[in-house]
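Q: This is the structure I have questions about; it appears just below.
The values are calculated or read from the model by the stated rules, or taken from the named source; none is laboratory data. Small disclaimer: the values here were computed from a predicted structure and weren't measured. Virtual Cβ from ideal backbone geometry, glycine too; neighbours counted across all protein chains shown. What goes into the accessible areas is simple: the full protein's heavy atoms, side chains included, and nothing from ligands, DNA or RNA. Shrake-Rupley method; radii C 1.70, N 1.55, O 1.52, S 1.80 Å.
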Amino acid sequence: MLFVIIVINAYLLTGSESSTQKTWLILNEIVLCSAFLLLTIPLVRKPIVSEFENLFMGHPIPMWVYEKDTLQFLYVNHAACYKYGYTREEFLQLTIRDIREHEELDALMENVRERCNGTEYRGIWKHRRKNGENFFVEIYAHSAMYDGRDARFIMAKDVNEQVKAAREAHQLGVRYELLAQATNDAIYDRNMQTNAIIWKHGLESFFQPPTESGADLYEWWRTHIHPADGPAVMSSLETCTQNRINYWSQQYRFRCPDGTYKYVVDRAFIIYENNQPIRMIGIVQDIDKYIKQAVRLEAQNKTLREIAWINSHEIRRPVVSILSIANLFDKSNQDIHLNSRLMEWLHQSTLQLDEIIHKIEHKVKNIE
C-alpha cells in the first residue's frame with residue numbers, strides 16, 4: 001500500500017504546476033520513501049540473519065563466539081551444548097577459562113595474549129566437560145565483531161580418539177626403540193608386494209649390509225644365504241604364504257663379510273590382506289655360538305660314551321688277565337719255569353693296560 005501511495009504521489013508531482021503544491025508533494029514523497037525503506041530493510045535482512053543462525057546453530061561441530069576482553073561466551077550452538085554438557089543459559093554465564101583444566105590456564109592466557117590479535121589460529125587443546133571429563137579438541141579461530149564487541153569466533157573439532165591413538169603409537173615407537181637397543185638382533189620390515197625391505201638395528205654389527213642408496217636389500221639377503229640352505233629357506237617361506245600362515249621360522253647359515261658363515265634363526269610375522277601377503281615383520285638372531293657349542297657338546301658326549309665303553313669292555317680284559325696271572329704264581333718259587341711264563345704273560349697284559357690308558361688319555365685331551 002505504501003508503495004502504491006508513493007507511485008500516486010509521484011504521478012501527482014509530475015503533473016503539478018503550482019510551486020507550493022509541488023514543494024509539498026516533494027516533501028511528502030521523501031517522507032513516504034523513507035518510511036518505505038525503514039520497513040523494507042528489516043524484511044530484507046531478516047531472512048539472511050535467520051539463515052546464518054540456522055547454519056551456526058545446526059552445525060554438527062561445536063562453535064561459539066567469545067568476547068576478547070572478558071573471555072565471556074557470547075553465542076554458542078547446539079553441538080557445543082551437547083558436547084560440553086551445559087545448557088545455553090549456563091554457557092553464556094561462563095568464560096573460556098571454565099572449560100579448561102586449572103594447570104592449563106597459564107598456557108591459555110599466554111595464547112590469548114599472543115594469538116588473539118586478529119590472525120587466524122589452529123591448535124590442539126585439552127577441554128573439560130561439565131562432568132569434569134577431559135578430551136582433546138582442535139581449535140580453529142579467527143577474529144570477528146559480534147553485537148558491536150571485539151570477539152573471537154571458535155570452532156572446536158573433537159580429536160580425542162586421534163590424539164589417544166597418536167600417543168599410543170608414540171609409546172609403541174618408544175618401546176620398540178628401547179627393545180631394539182637392548183638386543184643385537186637384526187629387525188626387518190619387508191613389503192611382500194614390492195620386496196622392498198628395511199633393516200633396523202643389529203644387522204650392521206655382524207652382517208654389514210650395503211649402505212649405498214637404492215641397494216636391493218632383499219636380493220642381498222637372499223644371495224647371502226648358504227647355497228645348501230637357500231632352497232629350503234625359500235621353499236618354507238613359499239609354503240607358509242600359500243597356506244596363509246602368519247608365523248614363519250627358519251634356521252640357516254648366513255654369509256659374513258669375511259666369507260665365513262654364521263648360523264642364524266629367522267622368525268617373522270606375515271600380514272595378509274585379501275588372502276595376499278602384504279607385509280612381513282621379523283627378527284634375525286645370531287645363534288652361531290650356540291650351534292657351535294651344541295656341536296662341541298655332542299662331540300664331547302660321543303667321546304665320553306667311547307671312554308665309558310673302553311672302561312666297561314677293553315680295560316677289563318687286561319685287568320682280569322693280571323688278576324688271574326697273579327693267582328697262578330707259585331709263591332714257594334719251586335716251579336721257576338711256570339713263574340717265568342706267568343711273568344711274561346703279566347708283562348703283556350700290563351702293556352695292553354698301558355695302551356688302553358693312553359688311548360683314554362688321548363680321548364680326554366680331545367674333550368678339553
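Q: How many residues does region 250-272 hold that are more than 15 Å from I291 (Cβ to Cβ) and either in a strand (DSSP E or B) or at pLDDT 90 or above (or both)?
A: To start, the set of residues in region 250-272 that are more than 15 Å from I291 (Cβ to Cβ) comprises 255, 257-259, 267-272.
Within this subset, residues satisfying the condition of being either in a strand (DSSP E or B) or at pLDDT 90 or above (or both) are 255, 267-272.
Total satisfying the criteria: 7.
Q: Go through the residues of region 92-106 one by one and say whether even a single one is open to solvent by less than 60 Å² (accessible area, probe 1.4 Å), part of a loop (DSSP other than H, G, I, E, B) and on the phi > 0 side of the Ramachandran plot.
A: no
Q: Does Y66 fit the bill of being within 23 Å of N131 (Cα to Cα), in contact with a Leu (Cβ under 7 Å, 6 or more places away or on another chain) and not aliphatic (A, V, I, L, M)? Steps first, please.
A: Details: within 23 Å of N131 (Cα to Cα): yes; in contact with a Leu (Cβ under 7 Å, 6 or more places away or on another chain): yes; not aliphatic (A, V, I, L, M): yes.
Criteria met by Y66.
Q: For residues that are over 33 Å from the mean Cα position of the chain (by Cα) and open to solvent by 60 Å² or more (accessible area, probe 1.4 Å), scanning just region 276-299, find the one that is modelled with the lowest pLDDT.
A: Going through region 276-299, the residues over 33 Å from the mean Cα position of the chain (by Cα) turn out to be 291-299.
Add one more test, that the residue is open to solvent by 60 Å² or more (accessible area, probe 1.4 Å), and what stays is 292-293, 295-298.
Details: K292: 81, Q293: 82, V295: 75, R296: 78, L297: 78, E298: 78.
Of everything passing the filter in region 276-299, V295 is modelled with the lowest pLDDT.
Q: Six or more apart or on different chains, Cβ atoms under 6 Å: show the pairs whose first residue is in region 338-364 and within 13 Å of R317 (Cβ to Cβ) and open to solvent by less than 100 Å² (accessible area, probe 1.4 Å) and whose second is modelled with pLDDT of 75 or more and hydroxyl-bearing (S, T, Y).
A: Within 6 Å, the pairs are S349/S321.
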